[in-house]
1. Would you say R544 is without any contact (Cβ under 8 Å) to a residue 60 or more places away in the chain, open to solvent by 30 Å² or more (accessible area, probe 1.4 Å), of a type in the set (K, R) and not in a helix (DSSP H, G or I)?
2. Does V499 satisfy being in contact with a Lys or Arg (Cβ under 8 Å, 6 or more places away or on another chain), within 13 Å of P462 (Cβ to Cβ) and either in contact (Cβ under 8 Å) with a residue 40 or more places away in the chain or among the aliphatic types (A, V, I, L, M) (or both)?
3. From the list D44, D31, which one is at pLDDT below 65, over 30 Å from K267 (Cβ atoms) and surrounded by 14 or more Cβ atoms within 10 Å (Cβ to Cβ)?
4. Just one of the numbered conditions (1) surrounded by 22 or more Cβ atoms within 10 Å (Cβ to Cβ); (2) within 23 Å of the chain's Cα centre (by Cα) is not true of L446; which one?
5. Looking at the stretch 96-116, can you tell me whether even one residue there is touching a Phe, Trp or Tyr at 6+ places or on another chain (Cβ under 6 Å), assigned to a helix (DSSP H, G or I) and either crowded, with 19+ Cβ neighbours inside 10 Å or free of Cβ contacts under 8 Å to residues at least 60 places away in the same chain (or both)?
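The values are calculated or read from the model by the stated rules, or taken from the named source; none is laboratory data. Model, not experiment: these values are computed from the prediction. Note: ideal-geometry Cβ built from the backbone for every residue, glycine included; neighbour counts use all protein chains shown. These accessible areas exclude ligands, DNA and RNA; they are computed on the full protein's heavy atoms, side chains included. Shrake-Rupley method; radii C 1.70, N 1.55, O 1.52, S 1.80 Å.
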Amino acid sequence: MGKPGGNARGGGGGRKEKKVYATPKKLTKKDKASLKPQTKLQLDAAAGHLDQSLKAYAAGNTAAARQSIAKAEEDYSKILENHGGTHLDARYNLGMCHYQKADIEESIQSWRSMQDELQAARMHLERAIADDTSRRGETTGLAHATLASVLVRIADFDTSDGKKGLSLRERLDLHRAAADHLTRALEIHQIQGDGSGAHNGALRVQAGDNQASIMKLQIEAHAAVVDVKASCERACELYGVNVSTGVYVFHGDDTVSDADALLQKLKVLHGFASWALDDDVPASRFLSLADIKPFLDEGRACARALSMLLPSTDSPGHHMHDPQDASGGHEACCGGAAAGGGEEHPGSALSTEADAERLVMSGDLCQFHARAYGNAPTRMPRHVGGAAADTDVAVTPIDEALGYYRAATQTAPTVADAHASLGEMLYEAAKGCVAGTVVGGDPRMLLEQAIHAYDRALALQPTDAVSAYNAVCVVALLGADVVERVGAAAVDRAVNATVIAEKARASAEGGRANVDGVLRALADDIRDDEDLKVMHDLPWFQERLAQSIAEAKGRKDTVGGLVDNLADVMRIESA
């Protein structure tokens, strides 16, 4: 039956929230008219120093940035002293000075100093908010937004050994406080008449990212299902509403585009679905398939909308009988995108790796749908911004998933997860064809393409034990003649990948590898897997499995000269 890799990839949440670089509060004409000449001069001078610091830091000149920010800090402190400690703009910008100093300390990996500066920024920003008796001034709105960013940075700080400095509960509390400040910042911007401006768009994405982080932390903390679901819904609300109905209301601007918001929404829906459909998560048992389906539908709609907005892909619909191997896809699916590492697609803000990640998540959502609700074709309107395409698209979830995964392998051929995902979907599609639950595919061709995909995934990521195991299942489903040729090599590779994956895990966690335990579990899986029945019936199989495990236990190196490319041994030619 193989091992599913999609849920394990999900991980439960959107991206790690990016740091938001807040800007200093600049004086308006109205502000300047109400100030004493001396105070105006001091504020102008301080703002100039802070601006110089930001430019120097952006240019990589840390020393100049320090000098300018020290002057700005001195100027703002004098203004506060002259006004009895209460001056909103000076207080806010003094917090900005410490925020910028935290950036500088982070750039030179002075972690303790960075934390000290963040705490100082937090103190000044909280004071600025408290000093505004109206509770809705422009400076107060900026203070709420910047304070939220400060709290998130404090919460997500990694210690020098890569571990979080705070407990899970403390991190959740800080993210929730950040959510409250972002909500208030959005309210103030609405009151100030800035509801559709660029900063409001950035604020909504910042708030959505924070809500996605809360969802992820709730999953780690085994929070109540209703709370995790509510966090996902709130994040989606902030990123945009009802993509599936064609009424998309984010309204992108120069700072944040519709595609940016849609991508973040796709990530949070993928994280929620991965968690909710994971049978190993006890809490997910409290969610019915009917509860989860709207999230999957919305995720698939986001994926389609992104395919319309971004130039790297076109229609995700591929048919299972497409005569192509795992490396390629139709031009219609990939738009002729050039493969390569790190370059950007014309007209897109995504690198090839980021675009491949998007395509894999899109494929995962379709795969989840096929597993949970079957493979019946659906007609999904391809709406973006309220304007429909000429025709709706009728496609099965499996065909749609294959299209996304094939596009990912062509967009970024060096991303192992794209090849692994394609191999898994081809494997599941072939089994569906044999069982009669999937119509229109050639099982043998799909299995041969799966071998190609798994070979490439493992060449790029030798620790992918799931792909190595599933490749054994695919070999077995291809029949006794193929098993006789490459069955032993496939088993050896699965054993080897399991060992090096366990050693890599232990090294990353600073623990001891449990090689005996993982190999015992692997042997049990192989002996019990119905997909491997052909191997179970062969006289040499059990002896060979025991021999491979014994050799792996005694092997000093991590490779052992095992066969890496089963397709070559099988003499399967690429289409």
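1. No; evaluated as a whole, the condition is false for this residue.
2. yes
3. Among D44, D31, only D31 is at pLDDT below 65, over 30 Å from K267 (Cβ atoms) and surrounded by 14 or more Cβ atoms within 10 Å (Cβ to Cβ).
4. Unmet condition: (2).
5. No, because not a single residue in the stretch 96-116 is touching a Phe, Trp or Tyr at 6+ places or on another chain (Cβ under 6 Å), assigned to a helix (DSSP H, G or I) and either crowded, with 19+ Cβ neighbours inside 10 Å or free of Cβ contacts under 8 Å to residues at least 60 places away in the same chain (or both).
For (1) crowded, with 23+ Cβ neighbours inside 10 Å; (2) of a type in the set (K, R); (3) at pLDDT 95 or above, each residue gets a yes or a no:
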site: V150; (1), (2), (3): yes, no, yes
site: T159; (1), (2), (3): no, no, no
site: R176; (1), (2), (3): no, yes, yes
site: A179; (1), (2), (3): no, no, yes
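Results for (1) within 27 Å of the chain's Cα centre (by Cα); (2) at pLDDT below 95; (3) crowded, with 22+ Cβ neighbours inside 10 Å, shown as yes or no for each residue.
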site	(1), (2), (3)
G363	yes, no, yes
R382	yes, yes, no
D390	no, yes, no
T396	yes, yes, yes
Q410	yes, yes, yes
A418	yes, no, yes
A459	yes, yes, no
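Rundown of residues vs (1) modelled with pLDDT of 90 or more; (2) in contact with a helix residue (DSSP H, G or I) (Cβ under 8 Å, 6 or more places away or on another chain); (3) of a type in the set (S, T, N, Q); (4) assigned to a loop (DSSP other than H, G, I, E, B), yes/no style:
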site	(1), (2), (3), (4)
A143	yes, yes, no, no
L147	yes, yes, no, no
L172	yes, yes, no, no
L182	yes, yes, no, no
D194	no, yes, no, yes
L203	no, yes, no, no
A207	yes, yes, no, no
